[in-house]
Amino acid sequence: MTVFKEVSEEKFYEILRTIYDFLRSRGWENTFRVRNLDEDKEVKDIVELFERNSTIKGSVGDATIYVIPIYYYNYGYLSGRGFGEALMALLIIERDTSGYTVKSRRVSESFDAQSREEAEKYIYEKWIGRFVKLLKKALETKHPLTAKLTKLIDCLHEVATINFLEKIYGDEILNDTETISGIHSICSGETKFFINDKVIMIPSMNLRVVRDTRSNKIFKYSSISLSFYEVPPEKKIFFDTLFERYRELLKPDVEIETGSGYRYIFSSSEADADGRKMSLVMIREYDPEYKKWYIFRVFAITCNKTTENKCSVYSFLIDEVINDITEVKKQAPIDLEEEFLGYFLGSEKILRKARREMTKKLIKEHEWEILPA
């Protein structure tokens, strides 16, 4: 099942210590240049370590890639518990006309398991075993996405997403250049969000979602358990609609610039989800320091068919349905509540019933404000 090789605890820590000693000698730099791989003894030794212990290796373009995926497992009969640790270490050597760039990456994980089979299942399913399997396939086929996969190792949540995508789609996910590249763009900081038909990645809202397009199941990532769980039916409708309407949401309706140089985009989309009318609303913010757009808020609005004045707001940020339409105001940036309310009340893409209910509640609030003491 797992592509991780079992070694003794002594062998495991011998390899790990050797890698750490090498990095310590380099001031913990993960990337460095050399003119010749043989002229530096420490570099020569670390390359030989990876050559001896890598169970996955290959070359793509001008890069040679070594992967050491290992683990150890011990069972204490006196304590009645099993434990171990897994390591994935990468060494990437890129050659150009002036020499070599050597890049070192590693990630490790401790675990408890009552059997060796349970340990292997943990590494494969819950940690990054499927990701390593995909990397192995990419190396064997010299896939053009190989380099991007190796760079993901520094991004825990993105690796977990790829690991889960492999569980759903298998090696086929390598054919989806858009998805892998989009997840890589989040990891590298090139973009602040990415949405397509398979994934929703909005780090600013701690939102990472995967859709199985064949079974139409949707899974959400928990940054607490570091794993995906299936979205319950009562909330799935909101994610289904976001997956279906995200392209329209990314089209700006209104753009506002503040005096401090920050810019905001308001956009919305009306949809019919299983016979239920819904509006999706997105607010994006432009950070002038980083010169990038990120998603500030996304929420959905639905209205009860049978009740005259009953609209709800689902916040993708807090993952809750709020039965108070005035909560919409709290979704806006604090200095732009009035501007956002103006957009909300004037947009034809937002449910007419929701706008009518909001208007009534605002009038009532205003009446309370002008009542005499």
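Only residues that are part of a loop (DSSP other than H, G, I, E, B) and in contact (Cβ under 8 Å) with a residue 24 or more places away in the chain were counted across region 62-87, and they come to 1.
Of all positions in region 1-18, at least one carries a residue that is at pLDDT below 90 and closer than 19 Å to A138 by Cα.
Answer with yes or no whether K198 is farther than 21 Å from E320 by Cβ, surrounded by fewer than 19 Cβ atoms within 10 Å (Cβ to Cβ) and basic (K, R).
Values: farther than 21 Å from E320 by Cβ: yes; surrounded by fewer than 19 Cβ atoms within 10 Å (Cβ to Cβ): no; basic (K, R): yes.
The answer is no for K198.
Mind telling me which of the residues E51, E39, E14 ends up being in a loop (DSSP other than H, G, I, E, B) and not β-branched (V, I, T)? Full working, then the answer.
Values: E51 fails: in a loop (DSSP other than H, G, I, E, B); E14 fails: in a loop (DSSP other than H, G, I, E, B).
Being in a loop (DSSP other than H, G, I, E, B) and not β-branched (V, I, T) holds for just one of E51, E39, E14, which is E39.
Determine whether E338 is free of Cβ contacts under 8 Å to residues at least 40 places away in the same chain, closer than 20 Å to L242 by Cβ, in a helix (DSSP H, G or I) and out of contact with any Cys (no Cβ under 8 Å at 6 or more places or on another chain). Criteria not met by E338.
Out of the residues in region 221-255 that are within 22 Å of V281 (Cβ to Cβ) and in contact with a Phe, Trp or Tyr (Cβ under 6 Å, 6 or more places away or on another chain), which is surrounded by the most Cβ atoms within 10 Å (Cβ to Cβ)? For region 221-255, the residue satisfying everything is F238. T101 meets each of the listed conditions (1) in a strand (DSSP E or B); (2) polar (S, T, N, Q); (3) under 20 Å from Y73 (Cα atoms) apart from (3). Restricted to region 115-143, and to residues that are under 23 Å from the mean Cα position of the chain (by Cα) and either assigned to a loop (DSSP other than H, G, I, E, B) or without any contact (Cβ under 8 Å) to a residue 12 or more places away in the chain (or both), which residue is farthest from E85 (Cα to Cα)? Taking the candidates together, the pick is H143.
Do we have any residue at all in region 162-183 that's surrounded by 22 or more Cβ atoms within 10 Å (Cβ to Cβ) and of a type in the set (S, T, N, Q)? There is at least one residue in region 162-183 that is surrounded by 22 or more Cβ atoms within 10 Å (Cβ to Cβ) and of a type in the set (S, T, N, Q). Taking the criterion of being within 16 Å of Y343 (Cβ to Cβ) and of a type in the set (A, V, I, L, M), the residues of region 255-299 that qualify are I256, I265, L280, V281, M282, I283, V298. Here T146 clears all of (1) surrounded by 21 or more Cβ atoms within 10 Å (Cβ to Cβ); (2) in contact (Cβ under 8 Å) with a residue 60 or more places away in the chain; (3) more than 20 Å from T55 (Cα to Cα) except the condition numbered (3).
Among the residues of region 338-360, which ones are among the charged types (D, E, K, R) and surrounded by 15 or more Cβ atoms within 10 Å (Cβ to Cβ)?
Result: E339, K349, K353, R355, R356, E357.
Note on region 256-278: residues that are of a type in the set (D, E) and surrounded by 12 or more Cβ atoms within 10 Å (Cβ to Cβ) total 1. Counting only strands (runs of 3 or more DSSP E) that fall entirely inside region 262-326 and contain at least 3 residues that are within 25 Å of the chain's Cα centre (by Cα) and not assigned by TED's automatic domain parsing to the domain that holds Y343, no element qualifies.
Which one is nearest to V47 (Cα to Cα) among residues in region 75-114 that are within 26 Å of the chain's Cα centre (by Cα) and of a type in the set (K, R)? Lay out the reasoning, then the answer.
Taking region 75-114 and keeping what is within 26 Å of the chain's Cα centre (by Cα), we get 85-92, 103-112.
Within this subset, residues satisfying the condition of being of a type in the set (K, R) are 103, 105-106.
On the way: K103: 11, R105: 13, R106: 15 Å.
Filtering first and then ranking leaves K103.
I153 meets the conditions (1) crowded, with 16+ Cβ neighbours inside 10 Å; (2) at pLDDT below 95; (3) under 30 Å from G76 (Cα atoms) in every case but one. The failed one is (3).
The values are calculated or read from the model by the stated rules, or taken from the named source; none is laboratory data. In this text, all values refer to a predicted model and were calculated from it rather than measured experimentally. With ideal geometry, Cβ positions are generated from the backbone for all residues, glycine too; neighbour counts draw on all protein chains shown.
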